[in-house]
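Coordinate-derived values only; no laboratory data. Since the structure is predicted, the reported quantities are computational estimates derived from the model, not experimental observations. Note that we place each Cβ from the backbone using ideal geometry, even for glycine, and neighbour counts take in every protein chain shown.
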Amino acid sequence: MMPNEALRFPNGTTIAIAAILVTMPWILPSLTLACEIVVVSTGALSCTLLLGSVGLLSFGQGLYFGLGAYVCATLIRDFGMTALPATITAVVAGGLLAAIAGLLIVRRQGVYFVMLTLAFAQMGFFLALAFPKLTGGENGFGNVPRTTVAFGQLPLSHPIVLYALLALLCFVAFALVQRIIASPFGTVLNSIRQNESRSEALGYDVRRFKLAAVTIAGGLAALAGAMNTLMLSFVPLSAVDVETSERLLIAALIGGVGSPLGALVGASVLSAMSDFLSPIWPRWSTIVAVLLIVTVLFLRDGLLGLGRLLGGAVRSER
Amino acid sequence: MRTRREILAAAAVGVAAPALLRQAWAQQDAIEVGSLVSLSGTFANIGEQVDIGSKVAFEYYKTAAGKPLRYVQLDDQGDPGRAVRLTQDAMRDRGIRFFMNCTNSAIALAVAKEAASGGGVYINQAGADEMTGSLCNKNTFRWPVATYSAVNTTVRPFMKQFPDAKKWYTITGQYVFGDSLLKNLKDVLGEVGGQHIGNSYHSLSDREYSGFITAAIAAQPDVLCICNFGSQTIDVLRQAVSFGMKRNTKILVVWSTGLDQFQSLGPDICEGVYFGANYWHGVDAPGNRLLTGVIKAKLKVTPSYLLTAGWACTQATVEALNKAGTTDVPAVIKAFEGLSYEGPTGLEKVRAEDHQVLKDYYLLLGKPKARMRDKDDYVDVVSAEKAFLSPDKTGCKL
Amino acid sequence: MSAQVLLFGALNGIGIGMIYFILSVGLTMIFGLMQFVNFAHGAFYMVSAYAAFAIAQWTGSVLPAFLISPLLAAAFALVSERVLLQRTYSLPHEAQILITFALAILAQESVTMIFGTSGKNVPVPDLFSGVVVLGGFVYPSYRLFVVAVAAAVAVLMWIAIERTRFGAMVRAAAENAEMVGLLGFDSRKVFMAAFAFGGGLAGLAGALAAPLRGVEPLMGREALAIAFVVVILGGLGSFSGALLAALLIGITQSLMSMIWPGGAHLMIYGVMTLILAFRPTGLMGRS
């Protein structure tokens, strides 16, 4: 890993993330692809935080993503809120739900932890389906007006404004995660990941640290969900299904969970692949599956790690 | 130093490669039509067929309003969010104004809104009543009938034939579409003197229906009415028949997709079961003769509902463009309103008040294997009727 | 709702439960033996169901598939274990989950490539095409056949686990995974056998289910979700727990479908959550 660099904030990665966010709209063929990458990477970041710094595998971040999406949509459509306050409320709601669910979830480790996240995500899906008056059921939550960023200023109907807001929120999320990793709190999380019983022996209340991490990750996923609502003006039922959870997790994994930048790389690759490969080959998920296997078996740091590896090889040849 | 390499790595794998694939769009003279189909994901089985049907129609019609037509396939992967994105891109970056098709109602409702806000024209195959009801808009049209029509054109002719079949039991999908079917069914039963003796709700993710079916059998109904859609329809019917329900109960499937479902069920299960459907290839109508002829010549298959749905939305768009004689959106919308043409179900007419295509809906009866004239001749057409809510009752304000 | 209806519901629930049991028992066995969480369990089920469809197409009857398909699924499981899964034994459980998850996607996409995206019907074998009437209660004879097969599997497995040396090891391993080595078994062979056997059982469930519900690419996902619920309720690794949980879920599903079907899923996952949080050894396990 990169103990020294990672523990500084802001560091080179911060600048890299900012640079990518700024350049994407110019490099990518479509602005909406850039928007989607920004949203998915924010959601994937919640998996990166859990897996990369505490070693917790969550198959259920879609629950908070969906909650954030529905809360944001409801506040904008039914309560006339603007984007920023609605998003902030959604993040708080996601964090709260994650804290409550987390009380149960962090009681368990390993596969039991994974299964609990999965069970919660399933309950969320069936709840969304059971209350179509609140969620629109299988037809989705529609008719969310394109609001403004805040105080009636900067309309989101302008695509550049929308991207700028999403990119800014995304950057704040990344900076926050970097800040957390670099803090003493992050150091404890890292020691829990490396050796849970030793951390416990050192006197840390492991469950409380995990609960804090789960809460923050829930807030992040809800942020991504709210951003998704701002992007689409609409919440599909699929926002809260298990496949969303899987997608965020896959993005985090193939990017590499060793650094927050991995979430951005993974989301970019996954979203770009689905944009460019699906018209050519509908069975493109095969490639995702192979990538996932390769990542888990050979590239613990994902594509980001591969990039570093190749970069290193080129350097040493010189 | 790491930073620079990280940027390079990210650029190499994630960002630059797609940029290289960027294509230059030209062909200003052609009319590009965006087709929202799901080729991967959960709805791929629907999207594939709709896609083929539309493509065949494009090859057949070739031009509209005096300009060449170009089919632009937009794979939404079954995800409404993705459909919205693709529509926005197509409008913003490629100037596409005409859109069609969908594989589920959520996609159609989401794309309809984009079409309205971006000034496009969209015709789709959504099942949701909201499409030409509370969520209708000036820019969107819908080809299949609403649940009100499906229920009225199946239950009424059925009751005419079996006035003694009073006791109805329903198995309903507990989602918005299933609930609309059920509500309409209760209304119609109330009017024709039927009695709704019970209902079992199943959820969108149920796969095992024997519990609902035992409950239905225990209620001893005259008619079992299935109110859901897609593969769940097939599963409920298959399991109901396996529990011997055909022996002393009549079965009515209000909303089926016809041929493709019959093929996955097989003739033994279909025999004696009543199905409601938006299309049947055996119907004698000029538009249908044309369609079945072209599909048979090109694909060597009998057109299913899904193929036809892809064809029908293309045909309606072409007819409207030809009538308008221009690609100017307000003119095309005006041409659409009140448009009538020989479609796959006979004379089809677009209602101006709610943008619903007024067309026949069929009540079909599965026939015994011995009486099938060819491998796709699964049913007899019992009735073909039009029944639509009056525009002031749909809740649609254009 | 009369008592008779409830009785029918319960009887039908036992039928559903027996199908769920053969679907899940392989998953719990693999976990018990090697603490391995297999997200590809549903894929074994699906591949076998598709094999049954192909066999029914070629031979005109699905009957031979009840023998051949489980063997194919076992072979598929064995090959997966040798080529892919054994590489993860030294990795954390999370890695095993992810690899088997990816394997499940691969299987689903491959099957779609070969057989297409739309569902296919598998006709019920002529031998069992009728219904059995038991005092006003109608039950398809094919379902009765499936329940009988499942019951036979349960009895055979019970004998194997209670009476054989291999069974003793399985029981010991469920308590403590290191027992495999301590009892003098070659863990490599045991793991191969576990995957072949677990995959074969999932395959048997898939082949038997094919005439009940047809085949389609997403069926593996659904099967996996059910199997996980059963296995967790019963306690990961517990054979009798899986049987009890499968029956409980079958009966719950059958009865809830008469009362509040939308709530059946919520209830099942709610109970699953509570069990995981407060009693992770499941209904049967000792906490």
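Calculate the length of the line joining the C-alpha centroid of the range A:196-244 to that of the range C:212-287, in whole Å.
26
Find how many whole Å separate the alpha carbon centroid of the range C:35-114 from the alpha carbon centroid of the range B:327-355.
So the separation of the two Cα centres works out to 50 Å.
Select from C:132, C:124, C:149 the residue whose mean-square fluctuation is largest in a Gaussian network model of chain C (Cα-Cα springs shorter than 10 Å).
C:132
Enter the angle in degrees (range 0 to 90, nearest 10) between the Cα long axis of helix B:176-192 and the first principal axis of the Cα atoms of chain B, meaning the one along which they spread out most.
40
For residue C:6 paired with residue C:114, estimate the spin-label separation in nm (one decimal), with each label point 7 Å from Cα along the Cα-to-Cβ line.
Distance between label points: 4.8 nm.
For the Cα atoms of chain B, what angle does the longest principal axis make with the long axis of helix B:286-299, in degrees from 0 to 90, nearest 10?
Helix B:286-299 sits at roughly 70 degrees to that axis.
Listing B:300, B:369, B:334, B:113 from the residue with the fewest other Cβ atoms within 10 Å to the one with the most, what is the order?
B:300, B:369, B:334, B:113
Between rounded, prolate and oblate, where does the protein assembly as shown land on the alpha carbon gyration tensor, with a ≥ b ≥ c its root eigenvalues, rounded for a/c under 1.5, else prolate if a/b exceeds b/c?
oblate
For the pairs B:250/B:296; B:250/B:300; B:113/B:393; B:246/B:296, flag any whose C-alpha to C-alpha distance is greater than 29 Å.
Pairs exceeding 29 Å: B:250/B:296; B:250/B:300; B:246/B:296.
Which cysteines in chain B lack any other cysteine whose Cβ sits under 4.7 Å from their own Cβ?
B:102, B:225, B:227, B:270, B:313
Please list, or write none, the aspartates and glutamates whose alpha carbon is within less than 20 Å of the alpha carbon of residue B:386, excluding same-chain residues fewer than 8 places away.
B:129, B:130, B:187, B:191, B:284, B:337, B:342, B:348, B:353, B:354, B:360
Under the rule a/c < 1.5 gives rounded, and otherwise a/b versus b/c splits prolate from oblate, where does the range A:104-226 land using the Cα gyration tensor?
oblate
Please list 3J(HN,Hα) in residue order for the range C:39-53, calculated via the Karplus relation 6.51 cos²θ - 1.76 cosθ + 1.60 where θ = phi - 60°; whole Hz, with x for glycine and proline.
Values, residue by residue: 6, 8, 4, x, 5, 4, 4, 5, 4, 5, 4, 5, 4, 4, 4 Hz.
For B:311, C:260, B:280, what's the fewest-to-most ordering of other Cβ within 10 Å of each Cβ?
Lowest to highest Cβ neighbour count: C:260, B:280, B:311.
Could you give the distance between the Cα centres of the range A:90-165 and the range B:207-244, to the whole Å?
Centre-to-centre distance over Cα atoms comes out at 35 Å.
Just want to confirm a number: the relative contact order over the range A:3-317, from Cα pairs under 8 angstrom separated by 6+ residues, in percent.
33
For chain B, give me the percentage of DSSP beta bridges that are antiparallel, rounded to the nearest 5 percent.
35
Hey, what number do you get for the protein assembly as shown at 222 nm if only DSSP H runs of n ≥ 4 count, each worth -39500 (n - 2.57), divided across all residues, to the nearest 500?
The helix contribution divided over the protein assembly as shown gives -20000 deg cm²/dmol.
How would the range A:83-125 be classified by its alpha-carbon gyration tensor: rounded, prolate or oblate, with rounded meaning a/c under 1.5 and the a/b versus b/c comparison settling the rest?
It is prolate, given that a/c is not under 1.5 and a/b is the larger ratio.
Work out the P(r) tail for chain B: percent of alpha carbon pairs separated by more than 39 Å, whole number.
Tail fraction, whole percent: 21.
Suppose we keep just the DSSP beta bridges with both residues in the protein assembly as shown; what percent of those would be antiparallel, to 5?
40
As a footprinting exposure proxy, order B:222, B:29, B:235 by other Cβ within 10 Å, with the fewest listed first.
Placing the least packed residue first, the sequence is B:29, B:222, B:235.
For chain B, what relative contact order do you get, as a whole percent, if you take Cα pairs closer than 8 Å and at least 6 residues apart?
Once divided by the residue count of chain B, the mean separation gives 18 percent.
Would you mind calculating the relative contact order of the range C:3-278 from Cα pairs under 8 angstrom and at least 6 residues apart, reporting the percent as a whole number?
41
Treating cross-link reach as a plain straight distance, find the lysines whose alpha-carbon is under 23 Å from the alpha-carbon of residue B:323, omitting any fewer than eight places away in the same chain.
B:55, B:62, B:67, B:138, B:334, B:349, B:359
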